[in-house]
Amino acid sequence: MLTKRLLTIAILGAAAIIGFVVYVTSPVEQAGVSNTLTPNDPSVVALGKQVYTQNCASCHGANLEGQANWRQRDPNGYLPAPPHDETGHTWHHPDAYLFVMTKYGIEKMIGKAYPNNMPAYEGKLTDEEIIAALSFIKSTWPKHIQQKHDAITAQSSQ
Ligand code: HEC
């Protein structure tokens, strides 16, 4: 169990690093489009809420509550969808990580096989829509969590 947990931590660590590399070299960055979340922009948040309801809520919950027992793998070894509210760990990850993961999926982000049920949205949603959905998610977090997340993002882009 402990080894599994350590492995997960190692995978997530690697994911963060590789995600950042993908981010730096991604077409989005080359095009100079910012992937900074804007939870205080009402029009972005309104679009994001719509995108979230239509594309994410079926798994992550209408109220961002995630699926039941989301920390436990199902009999096939898949993790359920985690909550996106402050009880989950979405806010532990910087903007770039969240964007890259949603656009390209986990396997492309970490560069190896990792069976999971999180879809990749490249070709299904525009970058603007992905950023809007993530901005909406951030807008629902309490202020102190938003501030912690600001710091995590600032630190990751130094
Ligand atoms: C078919 C179900 C499904 C849909 C639809 C879905 N997700 Fe997920 N998502 C998952 C699962 C399952 C995971 C956990 C994957 C794992 O770690 O094995 C996940 C993980 C994530 C994570 C990582 C969270 C963390 O704490 O590391 C983010 C961010 C995310 N999803 C964003 C989105 C967004 C944004 C949408 C809509 C545009 C979306 N997801 C739609 C199933 C889904």
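Laboratory data are not the source of any read-out in this text; all were calculated from the coordinates shown. What you see is a predicted model; the values in this text were computed from it and never measured.
A few comments on the model shown:
- Taking 0.36 nm per residue of sequence separation and removing the Cα-Cα distance, the residue 41/residue 112 pair yields an extension gain of 22.0 nm.
- For the range 30-130, the Kirkwood estimate of hydrodynamic radius, built from reciprocal distances between every pair of different alpha carbons, is 14.6 Å.
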